[in-house]
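FYI, it's all coordinate maths here, none of it is from the lab. Remember, it's a predicted structure, so these values are computed and weren't measured experimentally. Cβ placement follows ideal geometry from the backbone for every residue including glycine, while neighbour counts extend to all protein chains displayed.
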Amino acid sequence: MHSNKWSLSVAALALLALVAGSTPALAQKYGGVLRWGIRGSPAELSIHETALSGVTSIAVPIYSNLVWFDSLKARESIETIVPDVATSWFWSADGKALTFKLRKGVTWHDGKPFSAADVQHTWSVVRGAKQGGLKLNPRKLWFENVAQIDTRGDHEVTFRLKRPQPSLLAMFAAGYQPVYPAHVSPAALRTTAMGTGPFRMKRYERDQTFESVKNPNYFKKGRPYLDGILYVIFKSAAPEQGALLARQIDAMAILATPGPVHENLKATNKQLAYAERITNATINLVYNPKKPPMDNPKIRHAINLALDRDGLIKSVFQGGAVMGTAFIPAPTGIWGMTPEQMAKFPAYRDSATNKAESRKILAELGYSESNPLRLKFTIRNVVSSSQSANWAVGELKQVGIAAEIQLIDTGNWYGVVARREFAVAINETAIAVDDPDAGLHENYGCGSQRNYTDFCNRALEKKFDEQSAETDFATRHKLVQAIDAQLTLLEARPYIVYRKDYYAHYPYVKNWVPHTSIYNGWKLEDVWLDK
């Protein structure tokens, strides 16, 4: 059983320091509004119905999870999970039941009491066992192993599983897994956000701002430090950078400080601070196998070979990215391949050799520079996608493919790809948790909404379940890497790079630790302003 151990209050720490005859460390300050940049207006606010970091970044502080990845530890694992609205948890002897003890005295922002019924409601909706639920459900497959959810009184809930699944706890800790109120419909939570978290939603002015204020009844005493958070919405990069330099915002949006921006800001303003991270955010290629010409696997292979990943890293991201496959690459990630392992696969070999092979494939199909294959690249209207797409257009032109770009507004992007309204797209996907269970079924499971290429391999899918039930790390790691190798060879969803971000902010923003996962760590209850 995990027990909850809260840290001493600031006052208690100061008293201990005085008794010891030493000077206390810099104390946290209460008050102030953190001004944060975000890129684009979310179309809806429901975390359980989104695949966009723009939604999680503004809505996570409003909600609570059962458990949470420690906000002050950038790299997440089972060992960094801490209590949130659950105080403790334990597994049954056979590993097929996970029980949470829930905190007493917690209230929703509207004053109604929180209980085990809310937990039961949330994951009954998410796993599709309760009707009238989610319009889009990108993580339904995360919980297909849950057979039943039982409550015992108001403060205990048990998830009963079909088979052991040690990683389930990590899934509950993800930013994508808040507890929803049973007395508010999922439909209502698309236009408002109402939780038990450290901040309460105040107002949302589309294309302008999203504002949240301190929850005075938050169950963690002494938190949050801030009076509120003001998210300033920007449609493009230049205005956001200008606002940062003019001190109109205190920090830039998620993934808004790639390599080139980082270099420019360093030269412009010496007072800024940075938090460098290799993130879980990827640039990847998705295709619709039902739409010509992407129904031809030879064409898909030719496109994959034509893309010089190292060239993208050097030209567009100026070193601010790394190559990777289905999992966050080692050593940043726990499960992903090393560069030496990746070099054994065709798409990661020498670019000149790959382009020559790509031309040969296309020539056999009747295409050349004088008679190019014509494609439309669908992309999200953000700088990283646009730059990557422009780079891809240049790469493909060298092998006999003429591509044009179709821009989609960020707020509409998830709906477009979920409905498969594209032939081929440059996509930006981030694995919610560095665990195979979070990525495999979601991105490659037969029938998953986020399996944008509609890849379906039943034999390989059985391996997804096999690794999930494995309790020995070394054995599971070997199984996972074998699965990754198969997905890479089958070009299920060709990964191009994993992005690095430098997270530009002013140094007076304290206790902010960006995580490897761009969806996690945004509760901001520990952040304070030293000004």
Set Lys101/Lys221; Lys101/Lys523; Lys101/Lys140; Lys73/Lys235; Lys135/Lys220; Lys140/Lys290 screened for pairs whose C-alpha atoms are more than 26 Å apart: Lys73/Lys235; Lys135/Lys220
For Trp68, residues with placed amide H under 5 Å, excluding near neighbours: Val82, Asp84
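Can you tell me how much longer the chain between Glu466 and Val513 gets when fully stretched, taken as 0.36 nm per residue apart minus their C-alpha distance, in nm with one decimal? If you can, show how the numbers build up before the last one.
Values: separation 47, 0.36 × 47 = 16.92 nm, distance 3.42 nm.
13.5 nm is the gain from fully extending Glu466 to Val513.
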Around Gly133: net Lys/Arg minus Asp/Glu count, Cβ-Cβ under 11 Å: +3
Size of electric dipole in the chain: Cβ of Lys, Arg +1 and of Asp, Glu -1, about Cα centre, debye, nearest 20: 580
Highest average packing first - 393-405, 144-156, 437-449, Cβ atoms within 10 Å: 437-449, 393-405, 144-156
Peptide ranges 275-281, 467-473 listed from the most packed, as the mean C-beta count within 10 angstrom indicates: 275-281, 467-473
Relative contact order, percent, the chain [alpha-carbon distance under 8 Å, six or more residues apart]: 22
Exposure proxy ranking, count of Cβ atoms within 10 Å, fewest first, for Lys500, Lys162: Lys162, Lys500
Label-to-label distance, nm, for residues given as Leu245 and Asp227 (7 Å Cα→Cβ offset): 3.0
Inter-label distance, nm, simple model (7 Å from Cα along the C-beta direction), Lys478/Phe345: 2.1
Cα centroid separation, the range 442-477 to the range 192-218 (Å): 36
Reachable lysines from Lys314, criterion Cα separation under 16 angstrom, eight or more residues apart if same chain: Lys500
Long-range HN-HN contacts of Thr378 with modeled amide H, under 5 Å: Gln406, Ala423, Val424, Ala425, Ile426
Local net charge near Ser468, Cβ-Cβ under 12 Å (Lys/Arg +1, Asp/Glu -1): -2
Kyte-Doolittle at least 0.0, axis length at least 15 Å by Cα - qualifying DSSP helices, the chain: 116-126, 473-489
FRET E, pair Glu369, Gln406, Förster distance 30 Å, beta-carbon r, rounded to 0.05: 0.85
Fully extended contour minus Cα-Cα distance, from Phe90 to Ala356, at 0.36 nm per residue: 90.1 nm
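Determine the sum of side-chain charges near Tyr508: Lys and Arg each +1, Asp and Glu each -1, restricted to other residues whose C-beta is under 13 angstrom from that of Tyr508. List each step's numbers first, then the result.
Working: positive: Lys29, Arg35, Arg247, Lys510, Lys531; negative: Asp250, Asp530.
Local charge sum for Tyr508: +3.
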Contour minus Cα-Cα distance for Tyr30 and Ala485 (0.36 nm per residue): 158.8 nm
Nonlocal amide H pairs with Lys202, under 5 Å, H built at 1.01 Å: Glu211, Ser212, Val213
Cβ crowding within 10 Å averaged over residues, with 421-431, 54-64 ranked highest first: 54-64, 421-431
Inter-part distance where the range 45-68 and the range 342-385 are each reduced to a Cα centre, Å: 36
³J(HN,Hα) computed for each position of the range 68-82 - Karplus, 6.51 cos²θ - 1.76 cosθ + 1.60, integer Hz, glycine/proline x: 8, 6, 3, 5, 9, 10, 5, 9, 9, 7, 4, 6, 9, 6, 10
